[in-house]
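First the structure, in the form of structure tokens, and then the observations on it.
The values are calculated or read from the model by the stated rules, or taken from the named source; none is laboratory data. As the structure is a computational prediction, the values presented were derived from the model and not from experiment. Heads up, the Cβs are rebuilt from the backbone with ideal geometry, glycines too, and the neighbour counts pull from every protein chain shown.
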Amino acid sequence: MAAAASKKSTTPKKAGVSKKLVKKAVKKVARKAVPDKKTDEKRKPTIKYTDKSAGQPELIPIFENIKKLLLPYVKAPIELVDGTGGMLCLVSRKPVVIANRPRKELWFAAILVQKGYVGFYYMPVYTTPEMKEVFQQELLKCLKGKSCFHIKKNDPQIMSQIKTSLKIGYQLYKDRGWI
């Protein structure tokens, strides 16, 4: 027993290097050896989402109607991203410069079944705030925040206004050379 204790005390310590520092350095080197997924040009955005439409059958027709309005805009460079379950996104993969900032992708619109409503996300509002003037009163009542509309009923007027807004937003992006 005494011999084991003396071995521990006679083992020389490395000059100022602790096991924690060595482990951190090894992890850092290991991370650099693995390619960074963010720089991969072919990377598609992954969206973690669980379909919330189960138990909310009244939201499915709303989602499907807005989906029909979005699908005609799936043409190069706009791609459909993760159109499964209660979610659909339209993203342009054309590299653009907006406000002197280069962007690899530009989101156009998305829909997402939430708890109690279908979220319609309309991105042209971010680049052109005066787009809100295009919206009519029925659609404006659904606006929550800057670009998110909470659609709770399958109203033909609202669907018509969404269709008109998509057409105007697409033309705006096209005129600016973003798509």
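Taken across segment 122-137, residues that are free of Cβ contacts under 8 Å to residues at least 40 places away in the same chain, more than 14 Å from Phe63 (Cβ to Cβ) and not in a helix (DSSP H, G or I) do occur, with at least one present.
Checked against (1) within 20 Å of the chain's Cα centre (by Cα); (2) in contact (Cβ under 8 Å) with a residue 40 or more places away in the chain; (3) surrounded by 12 or more Cβ atoms within 10 Å (Cβ to Cβ); (4) over 17 Å from Pro72 (Cα atoms), Lys115 passes all but condition (3). Only one entry in Leu69, Leu59 is surrounded by 15 or more Cβ atoms within 10 Å (Cβ to Cβ) and touching a helix residue (DSSP H, G or I) at 6+ places or on another chain (Cβ under 8 Å), namely Leu69.
Just to be sure before I move on: is Gln161 surrounded by fewer than 16 Cβ atoms within 10 Å (Cβ to Cβ) and free of Cβ contacts under 8 Å to residues at least 60 places away in the same chain in the structure I sent? It is false that Gln161 is surrounded by fewer than 16 Cβ atoms within 10 Å (Cβ to Cβ) and free of Cβ contacts under 8 Å to residues at least 60 places away in the same chain. Suppose we keep only residues that are at pLDDT below 85 and acidic (Asp, Glu) within segment 123-154. Which one would you say is farthest from Phe108 (Cα to Cα)? Looking at the filtered set, the residue picked out is Glu133.
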